[in-house]
Amino acid sequence: MALTIISLIKQVPLPSEMRMGEDGLMDRTKAKSIINIDCSFGLEAGLQLKKQYPDARLIVCSMGPKSFENSLRTAVSMGYDEAYLLSDRKLGGSDTYATGLAISTMLKHLGFTKDSKEPFIILAGRQTSDGDTAHVPSQVAEKIGIPQATFVESVKADGAGNVIAKRIIEGGYQILKLPIPCVISLTPTGIPPRKPSLSGAIKARNLQITTFGIDDIGLGTEKIGINGSPTIVVKVVNIVSERPPIVMSEGHNEAALVDSLIVNLKKGGNVLEKKEKVDKKEIEYPDFPDKDFRNGARGILTWAELTNGKISRPSLELLTPARNLANQLGNDTKVMTLIIGKNVKPFAQTLIEHGSDEVIIVENEKLEEYLVMPFSSVIAQVIKERNPEIALFAATTSGRELAPRIGMKTDSGVTADCTGLEIGEYIDKKEKVIYKPILESRRPTYGESKLATILGFVCPQISTARAGTFEVPVVVEGRKGIVSYFNPVLEDKDFVVEIVKTERGEGGLQNLFSADIIITGGRGTTGDNLALIKSLAAELKKQGVNAEWASSRPVVDEGVAEYARQVGQTGKTIRPKIYVAVGVSGAIQHIAGMKESEKIIAIDHNPKAHIFNYADFGIVGEYTDIVPELIERVKAGFKFGIEAKKN
Amino acid sequence: MNGNDTVSTDVLIIGGGPSGLATAIRLADILKQTGRNNRILLIEKGREIGSHILSGAVIKPLVFKELLPDVNLSEIPFNSEVTKDTTILLGEKGFIALPFHVPYMSNKGNYVASLGQVCRYLAIKAQEKGVEIYTGFAIDEILYKDGKVIGAKTKDTGIDHHGQKLENFQPGTRIEARITVFAEGTRGSLTKMLIAKFNLNKDRNEQVYSLGCKELWVVPPGNIKPGEIYHTMGYPLDNDEFGGGFIYGLNDNKVAVGLVVGLDYQDPSFDVHDAFQIWKASSFVSKILKGGKMVEYGAKTLPEGGYYAIPKLYTDNAIIVGDSAGLVAMPALKGVHLAVRSGMLAAQTAADALSRNDTSEKSLQQYETLVNNSSIYKEMYVVRNFRQGFAKGLIAGGLLFGTQLITGGAGFFGRLRSHADYQTTLKLSELKKKPFKERFKGKLEFDKVLTFDKSTDVYHSGVYHDEDQVVHLHIKDMEKFNAVNIEEYGAPEQFFCSSEVYELHVDKAGHKEIRIHAENCMHCKTCDIKSPGDNITWVVPNGGNGPDFQNM
């Protein structure tokens, strides 16, 4: 039977297209819509697979308003054969759970089930630019009941009915072998989407797009739309930029440009004008009764992830909000931490000293290496037994695929990549009750421009926390806690995915967390294999400055730098005193990884490079001119205003 | 998905500007009236219709009535009827409003408009009539068979900087057409190939061009009224620089301002964009812009060689229309109505040829006959020597124009020849007058309120180019470029480029090299026209690349 390749896409407003309106505000209405970038990489992955399976049928699916037909037609003009749109007003306001449910129902309706005789591969984008959750691919895989690989950069078939996927993980990558059918979500770092062809566009123009309503696919309204979704967005506020406007260097050659930078650095750059905060009006507090919706669920569960035989830093960071939430909940609320693997008991005391009240140990040979299917099954079993009110995961590549897969099993919504977790309450004016206590999960969204507060009404309330946001808790040596064991049921069907290879760098990552100055070379600096970048960092070190060099994602992809040096990978935030970005265009992931640096200096030949929007100081010029000049200045004693280490 | 993608059509129209759209609309109408069902494909390289359209514009509306007889003129998104039309003799600090108009420059009954908006409207009309329009596709090759045009091919995509195929390589589509209409606008890159291949400019004058830089502003109410228009002569241009400024009041407190300068100027350091900024800072213009905000920038060239520079407009299976054909009437620099008119005549010719089943050169000769019997000829022939006269300077040009007015365009010398614009630039050593930078010393610091550097302006054009493609500006002979263009002429490319594509980099050791920032390119084609030694070829980049004009 011929293979069917199914691509799931979403249409989103193009962020870079948003123009300044005539009133000086961002004009979203004029922003054009595009296929979400990650999804378009998924489309290309499908077209690449077609090279291996010339007979494959390529279909593209989306869920959204009728205007999404534009993107479906674009997919067809790139080479897809058929297009399906799930479009129904009743789906409006659906959260990721409801979206995953609706899309998987449509796919099942089209005949794609785990038992279907026709082989198929579902491709999707890792996450969307207007939601950033990365949930839907996991949720679809769970709901259909098939294996998945998320954060995948490239995918190919092995000719024996399996899919080989290169999955990006912290500090490296993993090669996975998955059976068909399966779901693969693609990062926007693999093969870029091709341009439409004219012949494709002509085909797309005449194409009949099949549109379904929820009745057509047999989907009820109980679990979809604004009323059926387990989570709701209760508040969205603008994130005010903490960074004042950039100061650009002026001059006609590299010496003058660098002189100008040094002067500007001394002056200290622009200062952000702080606006007086307007006193908020007291909200009138209605006289509604409290409602405890937890139904007896108690406690906070976290998962301790192991990488390179150690508890990963983000998992330790997670214990800070966990402890904080437990304190806010009071009533002796427990923080329980689950650790899964082979011979993991020795880690229990470390977790307790970081704040866990109870460590639940699952030990099994088969669970030595992380795999989403058995791990999500184990964690769901623990949740069922322990019935926690809140479950927290670090927003690592594992945490971000586990949480939605588990949420689908427990019918909970998930809030992704949170930077704030607090206990609050929700005044329901319709029901005239106050939901209390409830987890308020805060997360940046819309390209980091807004902060949304999201509530979930099904326990456990699941959230993932962005790495680098919370501090690792202070260790209390000798702290006492409970250590218990859990014996899960393991099913063979959860072990169908094979890890062919795991490659993870060491060392550099920690140095990046502690360096005072980080010099980062982007794609624009690979001409000399980062030689200039490295020598600038080395020269600073010679001067006694705690400096390190790093690189952006494409440089690592080209094999010029090791993974551990990469800034802008999922779940890593660094905060040096001075961050120097050279030849870095400023992809959103990169910005997320470095934007909390104290001062940012950007050097790029393109005056329109995105990076300049996030920097304090900028130089427009070729790195081959500017960096040697900087090296000379460092040799002469210039240290970017950083003091040398005393010793 | 391999190299054999071919589509067939009866008529292929390359370019979605006024001439191409008029061709499409008229052709669809005629076919419908005669009960025929021929396919019309129109391909536009801009992201959307209008993305690459820029004009002043003051438009003569009459021809639109003929193009769209069933449509009320008020339905076309013209902006405002011209209410006040003044010609200004401009000085830096003062001005004189001339009590008369330069002949052929009256704008009574005309409309100010965004030509981009008008084109978007025409595209909707064309599609309603069954024309297939595809935007965001670049055509970089004319297809020939037995030495005759048989269509064109879209550009291959998925190619890296060095021309190597990438994994997402997508071959272009061959479009086989019985008739191909070249409606690419000014200095069309395919039209240039077509003219060269069939020697269509034999015995014609060299085409000459002007470069216009334009900004759209929103100004406080009261600064200018909709329909209030000014044309300026004089400052900051010298006697040997032909051109002038325009200020067109639009609805919603918008105003379009621009400066158009003939590219036959001599000073290798002359910079039209910067001259435009200096012009804006004059007391007369700055008063109108005071308190306002620039919202959009763009630039384009326009052919102004006039009647004698029009190439032969047809060959076997091919027709040239609009700006690509050089159909612009001087001295008003009006080409929109002629573009529409030429499109309508091309449509008539194509319809007749299709019905005769004869698209040969002989059959398409009808187009030239129609043009020569039309208002195009009437408007262009009387001023056939106008522009060439001004090659000798404004004073001499004015005198010659005077004699032409008396003699019905002939002047006392008959046909005046013209030189290609790249030939008129002087070497640094030959330049007698002060170079541009010295001439306007102290006026080239741009305040980013009233005046802008190129980078800032370029940012307001919405320009975008894919990173993965071969640089679309080809220097033909780099050695010669270094020795002549840089050393002898001082790299005029860095100055004449409207959008900071060319940068002359001088390192500390004094070594000079030209750096090309193709991603800024406004598609104005000035470098293809003005580079000394004719040393640069502009080829079309990926489809959908280039500026993204909204209201230009």
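FYI, it's all coordinate maths here, none of it is from the lab. If you're wondering where the values come from, they're calculated on a predicted model, not measured in any experiment. Don't worry about glycine lacking a Cβ; one is built from the backbone with ideal geometry, like all the others, and counts go over all protein chains shown.
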*Taking every residue in A:308-315, how many Cβ atoms of other protein chains lie within 10 Å of its Cβ, on average?*
0
*Can you list, largest first and rounded to whole Å, the semi-axes you get for region B:323-364 by taking the square root of 5 times each eigenvalue of its Cα gyration tensor?*
27, 10, 5
*So what is log10(I(q)/I(0)) for region B:445-538 at q = 0.11, 0.17, 0.18 1/Å, when the Debye sum runs over its Cα atoms only?*
-0.34, -0.78, -0.87
*What are the principal axis extents of the Cα atoms in region A:4-225, in Å, biggest first?*
59, 40, 39
*asked:* Place a point 7 Å from the Cα of residue B:428 along the Cα-to-Cβ direction; which residues of region B:452-485 have their backbone N under 18 Å from it?
replied: B:479-485
*Taking neighbour counts of Cβ atoms within 10 Å as a proxy for exposure, in what order, fewest first, do B:375, B:51, B:324, B:74 appear?*
B:74, B:375, B:51, B:324
*asked:* Just to verify a number: FRET efficiency for residue B:365 and residue B:104, C-beta to C-beta distance, R0 = 45 Å, to 0.05?
replied: 0.95
*How crowded by other chains is B:169-178, given as the mean number of beta carbons from other chains within 10 Å of each beta carbon?*
3
_Place a point 7 Å from Cα of residue B:396 in the direction of its Cβ. Which residues in region B:216-238 have their backbone N less than 17 Å from it?_
B:238
*asked:* So for each of A:4-13, B:431-440, B:136-145, A:158-167 I average, over its residues, the number of other beta carbons within 10 Å; can you give me the resulting order with the highest mean first?
replied: A:4-13, B:136-145, A:158-167, B:431-440
_Please report the equivalent ellipsoid semi-axes of region A:537-596, computed as sqrt(5 x eigenvalue) of the Cα gyration tensor, largest first, in whole Å._
20, 14, 10
*Which value, to two decimals, describes the C-alpha radius of gyration of chain B once divided by 2.2 N^0.38 Å?*
0.93
*asked:* From the convex hull of the Cα coordinates of region A:409-488, what is the mean projected area in square nanometres?
replied: 8.8
_Taking 25 °C and 0.890 mPa s as the conditions, I'd like the Stokes-Einstein D for region A:290-489 in µm²/s, using the Kirkwood hydrodynamic radius from alpha carbon pairs._
146
*What average number of partner chain Cβ atoms lie no more than 10 Å from the Cβ of the residues making up B:293-299?*
1
*asked:* How large is the Rg to Rh ratio of chain A when both quantities use alpha carbon positions and Rh follows Kirkwood?
replied: 0.97
_Need one number: the % of Cα-Cα pairs in the protein assembly as shown sitting beyond the 48 Å mark._
38
*In debye, nearest 20, what is the charge dipole magnitude of region B:445-538 about its Cα centre with +1 on Lys and Arg Cβ and -1 on Asp and Glu Cβ, if you could check?*
180
_As a test of the formula, what do you get for chain B when each DSSP H run with n ≥ 4 contributes -39,500 (n - 2.57) and the sum is divided by the residue count, at 222 nm and rounded to the nearest 500 deg cm²/dmol?_
-7500 deg cm²/dmol
*asked:* A 26 angstrom limit on the alpha carbon distance is what I want to check against. Which of A:501/A:541; B:84/B:448; B:84/B:293 exceed it?
replied: A:501/A:541; B:84/B:448
*Given charges of +1 on the Cβ of Lys and Arg and -1 on the Cβ of Asp and Glu, with all other atoms neutral, how large is the dipole of chain B about its Cα centre, in debye to the nearest 20?*
1520
*Relative contact order [Cα under 8 Å, 6+ residues apart], chain A, whole percent*: 14
*asked:* Under 8 Å for C-alpha pairs, at least 6 residues apart: give me the relative contact order for region A:4-225, rounded to a whole percent.
replied: 27
*Are any of the pairs A:166/A:384; A:51/A:177; A:608/B:153 more than 25 Å apart by Cα-Cα distance, and if so, which?*
A:166/A:384; A:608/B:153
*Over region B:445-538, relative contact order from alpha-carbon pairs under 8 Å, at least 6 apart, %*: 32
*What percent antiparallel are the DSSP beta bridges of chain A, to the nearest 5?*
35
*Determine the dipole magnitude for region A:290-489: charges of +1 sit on the beta-carbon of Lys and Arg, -1 on that of Asp and Glu, nothing else is charged, the reference point is the Cα centre, and the result goes in debye to the nearest 20.*
280
*asked:* Looking only at chain B, where both bridge partners belong to it, what percent of the DSSP beta bridges are antiparallel (to the nearest 5)?
replied: 70
*Starting from the Cα-Cα distance between residue B:127 and residue B:39, subtract it from 0.36 nm times their residue separation and give me the gain in nm to one decimal.*
30.5 nm
*Work out the FRET efficiency for residue B:403 and residue B:89 from their Cβ-Cβ distance, taking R0 = 35 Å, and round it to the nearest 0.05.*
0.95
*Sorted by packing (mean other beta-carbon atoms within 10 Å per residue), highest first, where do A:291-300, A:599-608, A:574-583 land?*
A:574-583, A:599-608, A:291-300
*Extending each Cα 7 Å along its Cβ direction at residue A:287 and residue A:115, get the distance between those two points in nm, one decimal.*
5.8
*Which number comes out as Rg/Rh for region A:140-206 once both Rg and the Kirkwood Rh are worked out on C-alpha atoms?*
1.10
*What order do you get for A:232, A:246 when you list them from fewest to most C-beta neighbours inside 10 Å?*
A:232, A:246
*asked:* Can you compute 3J(HN,Hα) from phi for each residue in region A:344-349, using the Karplus curve 6.51 cos²θ - 1.76 cosθ + 1.60 with θ = phi - 60°, rounded to whole Hz and x for Gly and Pro?
replied: 9, 3, x, 7, 4, 5
*Evaluate E = 1/(1 + (r/R0)^6) for residue A:364 and residue A:235, where r is the Cβ-Cβ distance and R0 equals 56 Å; express this FRET efficiency to the nearest 0.05.*
0.85
*Pick out the long, greasy-scoring helices in chain B: whole DSSP H runs spanning 18 Å or more along their own axis by Cα, mean Kyte-Doolittle at least -0.5.*
B:18-33, B:115-128, B:336-356, B:394-407
_Cα convex hull of region B:8-52 - mean projected area over all directions, nm²_ = 3.2
*Add -39500 (n - 2.57) for each DSSP H run of 4 or more in chain A, then divide by its residues: what number comes out at 222 nm, to the nearest 500 deg cm²/dmol?*
-7500 deg cm²/dmol
*asked:* Give me log10 I(q)/I(0) at q = 0.10, 0.13, 0.16 Å⁻¹ for region B:133-265, Debye formula, one equal scatterer per alpha-carbon, no solvent.
replied: -0.63, -0.87, -0.97
_Helix runs (DSSP H) in chain A reaching 18 Å along axis by Cα, Kyte-Doolittle at least 0.5_ = A:254-267, A:372-386
_Show me the ranking of peptides B:229-239, A:455-465, A:427-437 by mean Cβ neighbours inside 10 Å, starting with the highest._
A:455-465, B:229-239, A:427-437
*Roughly what % antiparallel, to the nearest 5, for the DSSP beta bridges in the protein assembly as shown?*
50
